[in-house]
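Remarks on the structure that follows.
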Amino acid sequence: MRNLIRFILNNHFFILFILFEIVALTLVFQNNNYQKAFVFNLSRNISGQINSRIFSFRQYLDLYQTNIALEEENVRLRNNLLSSYKQNMRSPGSAEFDSAWVQQYNFIPARVISNSVNKQNNFISINKGAVHGIKPDMAVISHDGIVGVVTGVSDHFASVIPLLNTDLRISSKIKNTGYFGSLHWDGKDPGSALLHEMPHHVTMNTGDTIVTSGFSAIFPEGIRIGTIADFAITGGNFYTVVIDLSTDFRRLNHVYVIENLFRDELLDLERQEGYD
């Protein structure tokens, strides 16, 4: 208390000055419309800026839940696409005829938790595993296109061999002509891959879209891979085609694991026919 009294006594002129200034400014702003409007606009702008910052901060806190909701919505939409179904037709014209559509592909959302792009044999880890329905040899894609194939699975995680791995080959085709070949990465540029076994008589142009052929039990047909950047006959009667990949592996975050619900049936048939 003594310190407070001493402070007031030592600074009473300054304190009186501040009080008189407050009174003077109050009178000015109360009796002059221009100054009153200025203070009102200033306070409104300051309040708006504060509220905007608070709203942005709340949006940031809600971003995680928003991303989860969008991810779930994307999965529902993908699972409802016609391309995820096949027509179940039996003996047209007979009593067994059934034109209903049955689901063939199921999409499971996941997040990338580790990734590499600067090795010859890169690998990706995702945050979903066996308890989420993930199994080896399932396809993995992003919203931009193909990513890779699941190789190893634990209860809660899975490893993926991506397209940026020299051991992976994907059956691919030119979207507008249907001609297909084998796509693989040469271990150099993480933004491009090579398409081989394309016959020299095939008409193609730079910018043509390359998609999965569907000639496997892993990838559905028509998943985007990239576009033709260049092509040349490098030997024999086949082109080597340079593909600009549509997936940016350096920024990979959200992915979808694709379960082929008819995979086991198809593989059993191929084994019976001796396709192995």
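The numbers here are math on the coordinates, done by the rules we state, and not lab data. The structure presented is a predicted model; accordingly, all values stated were derived computationally and were not measured. Every residue, glycine as well, gets a Cβ built from its backbone with ideal geometry; the counts of neighbours run over all protein chains shown.
Observations on the model:
- Here the range 101-272 is assigned +1 on the Cβ of each Lys and Arg and -1 on the Cβ of each Asp and Glu. Its dipole about the Cα centre then comes out at about 340 debye.
- With the convex hull of its Cα atoms as the shape, the range 177-276 has an orientation-averaged projected area of 8.2 nm².
- Descending semi-axes in Å of the range 101-272, equivalent ellipsoid built from Cα gyration tensor: 27, 20, 13
- Cut-off under 5 Å, modelled amide H: who pairs with K128 long-range: R111, A158
- Both radii were evaluated on the Cα set of the range 103-152; the Rg over Rh quotient, with Rh as the Kirkwood radius, amounts to 0.96.
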